[in-house]
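Have a look at this one.
The values are calculated or read from the model by the stated rules, or taken from the named source; none is laboratory data. It should be emphasised that the depicted structure is a prediction, and the values quoted were computed from it without experimental measurement. Please note: Cβ atoms are built from the backbone with ideal geometry, for glycine as well, and neighbour counts cover all protein chains shown. Note: areas computed on protein heavy atoms with side chains; ligands, DNA, RNA excluded. Shrake-Rupley method; radii C 1.70, N 1.55, O 1.52, S 1.80 Å.
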Amino acid sequence: MADYTVNAPRPRHERAQTWEYNLYFGVIFVLALVTGLLTWSWRVLTTGRLPKLGPVGRALKDASVIAPIIFRS
């Protein structure tokens, strides 16, 4: 019989959202949103097709990747 108290999966570590993290996330999101709007509109004009992610979705994705990298170091 397995002893699940010893081999229990470890809980995921989730970092508390601090004001500093939210500030960096907001700044990165705004910069990524401006860039995303420009590239999204350029792509629509040149190819005539919509990209998979819209400008807001892409900016959220970029900010959620870049902001934690700042706090890892």
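Testing the spin-label approximation: label points 7 Å from Cα along Cα→Cβ at Glu20 and Lys52. State their distance in nm.
Result: 3.5 nm between the two label points.
Please report the carbon-and-sulfur percent of the accessible area for region 24-70; probe 1.4 Å, protein heavy atoms only, DNA, RNA and ligands left out.
73
So what are the ³J(HN,Hα) numbers for region 40-51, from phi and the Karplus equation (6.51, -1.76, 1.60; θ = phi - 60°), rounded to whole Hz, Gly and Pro as x?
Once θ is set to phi - 60°, the couplings for region 40-51 become 5, 5, 5, 5, 5, 5, 7, 9, x, 10, 8, x Hz.
Subtracting the Cα-Cα distance from 0.36 nm times the residue separation, let me have the gained length for Val44 to Ile66 in nm, one decimal.
5.4 nm
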